[in-house]
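Okay, so here's the structure we're looking at.
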Amino acid sequence: MQPLLRDACLDTLFMVWWSTVWAIIGGIPLGLLLVLTDRGALLQNVVVNKVVGAVVNLGRSLPFIILLVWLIPFSRLVVGTSIGPSAAVVALVIGAVPFFARLVETAIREVDHGLIEAAQSMGGGTLTVIFKVLLPQALPSLIAGLTTTVIALLGYSAMAGAVGGGGLGNLAITYGYMRHETDLMNVTILLLIAIVTVVQLAGDLVVRRLSHRSGRQAPAAGLRRLRSAAVPKPRTAPEAAEPTKAA
Amino acid sequence: MITTTGLTKVYRSRGREVTALDGVDLHVREGEVYGVVGQSGAGKSTLIRCVNLLERPSSGTVTVAGQDLTALAGRGSRAGADLRKARSRIGMVFQHFNLLSSRTVQSNIELPLEILGVSGKERERKALELLDLVGLADKAKAYPAQLSGGQKQRVGIARALAGDPKVLLSDESTSALDPETTRSILQLLRDLNQQLGLTVLLITHEMEVVKTICDSAALMKGGRVVESGTVSEILATPGSELAAELFPVGGEASGPDRTVVDVTFHGEAATQPVISQLSRTYNIDISILGAAMDTVAGKQVGRMRIELPGRFEENVVPIGFLREQGLQVDVADTKTAAPADALLKEGAK
């Protein structure tokens with residue numbers, strides 16, 4: 001039983017890790033493109049905006065389980081197999097990129113337009129705006145969005161298990177459900193809860209470290225911050241405390 | 001230093017056209033502080049955004065420091081390298097400061113230098129020097145969220161100065177601040193104007209700002225400049241709306257047989273105590289109904305509304321006396337103003 005759990009765990013982590021990496025690589029440029037090509041934005045381009053928007057919506061509108069099955073031939077084409085964690089990663093990436101892209105879009109849109117104007121007034125071009133203003137300013141929101149994406153991917157990866165992807169989801173269904181091994185099912189669930197909690201806490205911690213929006217951060221508050229992070233608190237949206245809006 | 005000619009901006013949306021700027025000619029001399037006032041929607045914001053072409057004018061030209069920016073703009077909506085270079089020589093300060101919350105104060109000031117490609121050591125030196133200049137030398141490592149509004153605006157000003165601009169644009173830079181902080185920020189702008197010879201173009205809806213630091217001012221209404229000139233020129237203009245806004249005086253006549261007169265003191269006017277002289281010379285009692293006066297460099301500047309006993313016809317001579325002193329006198333009562341002015345002209349003949 002032990003090696004079974006360990007392998008399933010590693011499979012799940014493998015799937016989540018690689019699909020997250022690709023979600024970042026694909027989602028950030030897509031999200032940026034959605035914002036920048038919008039009407040009145042820096043790279044206004046109605047055609048690109050509509051096409052990217054449609055592609056992202058397509059990915060978002062299909063229920064993941066359908067996407068998973070639909071993509072089986074494509075997975076075979078890309079990784080040479082339609083079963084196992086590697087094949088599942090293909091479907092997970094296709095599902096995660098549009099999901100994260102929308103979250104990136106929201107995060108980037110939250111950046112105050114005045115900051116873009118300020119950068120332009122200093123003589124900054126589009127690249128300056130993207131790399132010195134939009135991405136750094138949106139970073140806390142981006143990390144919060146990434147946390148959500150990773151947790152969603154964990155759920156999706158469990159679904160992938162149902163169609164032969166392996167991992168904890170597969171274990172829970174084949175052993176826990178089909179063979180009535182309730183103990184194994186419960187252990188799997190506890191493991192999933194533990195992973196989600198760790199991811200969420202880590203995400204929150206990073207977000208809090210990155211947002212310099214609350215004025216009460218003393219340099220020596222590192223330990224205290226760590227301790228307060230251990231208390232599960234509803235995630236505070238970083239934009240809620242933005243001072244410039246209130247000013 | 002800044003000249004706009006026939007500056008027009010028309011916004012088109014869903015077939016409707018909104019004219020935000022309607023042929024604005026503005027001339028800001030080198031080294032002066034020029035204030036543009038007007039109500040919201042008058043086109044002030046569009047105007048100042050057109051000066052560094054954050055907003056593309058529909059027609060007209062903008063010249064800053066001898067450089068025609070509208071010619072640099074090119075056709076596309078994106079700013080070309082030439083325009084961006086020109087912008088880096090024009091500082092801009094914003095109402096809501098627009099500091100990057102993800103960067104420290106020092107790093108915020110270094111941003112324009114990064115854009116200019118200045119090396120790390122030089123950036124740091126310059127940023128610390130500027131922080132010292134605006135009086136925030138101890139806040140280099142703080143984040144904007146840890147600063148008060150006034151301190152944030154000081155950082156905003158330091159940032160605007162990083163590229164050694166000759167011109168500073170201020171877009172309602174004190175409108176989000178309390179009166180006391182407003183005064184200190186205006187003082188800072190004045191100091192910079194005098195120490196660095198910086199030309200400042202500011203837009204504001206607060207007359208107090210114009211009164212405190214502006215050498216010249218313009219009043220905007222419905223996308224047009226309806227009045228402009230140096231502050232004393234404006235004061236010397238009979239019936240000037242801007243003068244009335246800058247130095248508002250109120251008060252109604254206390255009885256029917258009274259004459260209410262607005263007296264405007266502007267720079268060149270007599271430094272003598274004219275009101276008490278008037279009282280003694282003609283042996284009349286004068287009540288002051290309202291006054292908005294400042295003394296600048298030993299000269300009185302402002303307006304005063306006084307009430308003289310008797311009808312207007314009886315006061316032609318005292319009013320003539322005031323005019324002889326170099327003061328500008330307007331009979332305030334709007335109901336009788338037109339015939340009164342006519343009568344006064346006859347009296348002058």
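In loop segments of the stretch B:168-249 as defined by DSSP, the GluC sites (Glu not before Pro) with at most 16 further C-beta atoms inside 10 Å of their C-beta are B:Glu206. Peptide B:103-110 shows a mean partner chain C-beta count of 1 within 10 Å per residue C-beta. Every Cα-Cα pair in the protein assembly as shown was counted, and those over 38 Å apart are 50% of them. With a simple spin-label model that places each label point 7 Å from the Cα along the Cα-to-Cβ direction, the separation between B:Asp294 and B:Arg280 comes to 3.0 nm. The share of alpha-carbon pairs in the stretch A:18-175 lying farther apart than 26 Å comes to 34%. Helix A:85-109 and the long axis of chain A differ in direction by around 20°, with both axes built from C-alpha atoms.
Averaged over the residues of peptide A:122-130, the number of Cβ atoms from other protein chains lying within 10 Å of each residue's Cβ is 6.
Here the stretch B:137-180 and the stretch A:18-69 have alpha carbon centers that stand 38 Å from each other. Between helix A:46-61 and chain A there is an angle of about 30 degrees, using the helix long axis and the longest principal axis of the Cα atoms. Rounded to the nearest 10 degrees, the angle from helix A:182-210 to the longest Cα principal axis of chain A is 10 degrees. Take each residue in A:40-49, count the other chain C-beta atoms within 10 Å of its C-beta, and the mean is 1. So which of B:Lys152/B:Lys211; B:Lys121/B:Lys166; B:Lys126/B:Lys211; B:Lys121/B:Lys152; B:Lys44/B:Lys85 end up more than 26 Å apart, counting from Cα to Cα? Result: B:Lys126/B:Lys211 exceed 26 Å. Each stretch of four or more DSSP H residues adds -39500 (n - 2.57); spread over every residue of chain A, this sum gives -23500 deg cm²/dmol at 222 nm. Report the antiparallel proportion of the DSSP beta bridges in chain B as a percent, rounded to a multiple of 5. The antiparallel proportion sits near 70 percent.
Values quoted throughout were computed directly from the atomic coordinates according to the rules given, and no laboratory measurement underlies them. Computed from a prediction, not measured in an experiment: that's the story for all the values here. So basically every Cβ, Gly included, is an ideal-geometry build from the backbone, and we count neighbours across all protein chains shown.
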